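The values are calculated or read from the model by the stated rules, or taken from the named source; none is laboratory data. The shown structure was predicted, so the numbers you read here are calculated from the model rather than taken from an experiment. Glycine also receives a Cβ, built like all others from the backbone with ideal geometry; neighbour counts cover every protein chain displayed.
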Amino acid sequence: MESARCRLGVTLGDPRGIGPEVAAAAARSIQGDDRPELVFFGPPGSPAAPAADAFVEAGEWSPGPEPGPAGAAAAAAIEEGVRFVTMGRIDALVTAPIDKSALAAAGYSFPGHTEMLAVLTDTETVGMLMAAEHTSAGGPLRVLLATTHIALAAVPAALTACVLVEQASLCARSFRERWGITSPRLALCALNPHASDGGLFGDEEARVYEPALAELRARGEDVAGPIPADTVFVRALRGEFDVVVAPYHDVGMAAFKTASFGRGVNVTLGLPFVRTSPDHGTALDIAGRGLARPDSMIEAIRLAQRLVRSGAASRHSA
């Protein structure tokens, strides 16, 4: 695998959004003998190669249909990409942004890519990891979301010791298998201000976090916590931790995007293949206006290639 050229599938996302243009721009930007081969999926008019070659060369596309048909096209591209990667015709999958409301309008009940890919691959446990190998602070920042696309009011009930153990263990295993980090250092971000300050602001740190930490340490994991949200991300950026496990979506995403917007990558852990995605949405308001930057898509492609090769090297040395 070290000398072989990676073949990555790229789904173009919602045809009304910036996915097609950032994918085309990324394909033109990534040069050199080590660049991966890219196979594109969707939207209508630019399906898998060879039509994709003409699409990328021209860098033009039709903004596409109304939400329902757009969601159906985006979903069909994802389904075809999954078929290709599970058949071994591509090495990994890179997905451009989809519009969740358009997906719903097309009859799909998934709240996002992560959940859809889990169902398509019959994967019971997946993790949503945000990764930036370079940030405004210089060092990397990686944030695992213990709970993902749920209402804030639902977080306390959803954030159990079992969930923390499951997600942290999945992350540690993925780091060892795919990232070349043999002894990952994990930090559990607290739910409450000041990690509840001894129970003054909630009991989750004692009732949920402490049992989770005990179980993870019993499994041999290097894990710290619960650490308040106002310090844990700074400590991670300084190199103290390899990943922060955030209790809910926005506390993790706010810190992550502040440090790495435009350079971050969404990685789905637990799938039988590598899947990455840019850290931005469809940006329907600027699609087709030449304003979208491909930086995050470029990073998603590069990270997918790196993880494919790292995973192959890890399996070879095992």
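Of note:
- Some residue of region 169-191 being more than 19 Å from Met130 (Cα to Cα), exposed (fewer than 15 other Cβ atoms within 10 Å of the Cβ) and not hydroxyl-bearing (Ser, Thr, Tyr): no
- Of the residues in region 256-263, at least one is touching a strand residue (DSSP E or B) at 6+ places or on another chain (Cβ under 6 Å), under 30 Å from Phe273 (Cα atoms) and hydrophobic (A, V, I, L, M, F, W, C).
- Of all the numbered requirements in (1) within 16 Å of Pro140 (Cβ to Cβ); (2) in contact (Cβ under 8 Å) with a residue 40 or more places away in the chain; (3) under 16 Å from the mean Cα position of the chain (by Cα), Ser310 misses one, and that requirement is (3).
- Among the candidates Thr114, Thr86, Thr123, residue that is under 28 Å from Arg309 (Cβ atoms), crowded, with 17+ Cβ neighbours inside 10 Å and polar (S, T, N, Q): Thr114
- Test for Thr276: is it within 22 Å of Ser101 (Cβ to Cβ) and not small (Gly, Ala, Ser): no
- Qualifying residues in region 239-263 (those that are aromatic (Phe, Trp, Tyr) and under 25 Å from Pro294 (Cα atoms)) - the one modelled with the lowest pLDDT: Phe261
- Which listed residue is within 20 Å of Gly281 (Cα to Cα), surrounded by 24 or more Cβ atoms within 10 Å (Cβ to Cβ), modelled with pLDDT under 95 and not basic (Lys, Arg), from Leu103, Leu129, Leu93: Leu103
- Looking only at residues of region 1-13 that are charged (D, E, K, R) and at pLDDT below 90, we find that the one that is nearest to Glu37 (Cα to Cα) is Arg5.
- In a residue-by-residue description of region 30-44, the property of being at pLDDT below 90 and more than 18 Å from Ile301 (Cβ to Cβ) applies to at least one position.
- Test for Glu166: is it among the charged types (D, E, K, R), surrounded by 16 or more Cβ atoms within 10 Å (Cβ to Cβ), at pLDDT 95 or above and more than 30 Å from Thr282 (Cα to Cα): yes
- Within the set Leu103, Leu93, the sole residue that is among the aliphatic types (A, V, I, L, M), in the same structural domain as Arg309 (by TED's automatic domain parsing) and in contact with a Ser or Thr (Cβ under 8 Å, 6 or more places away or on another chain) turns out to be Leu93.
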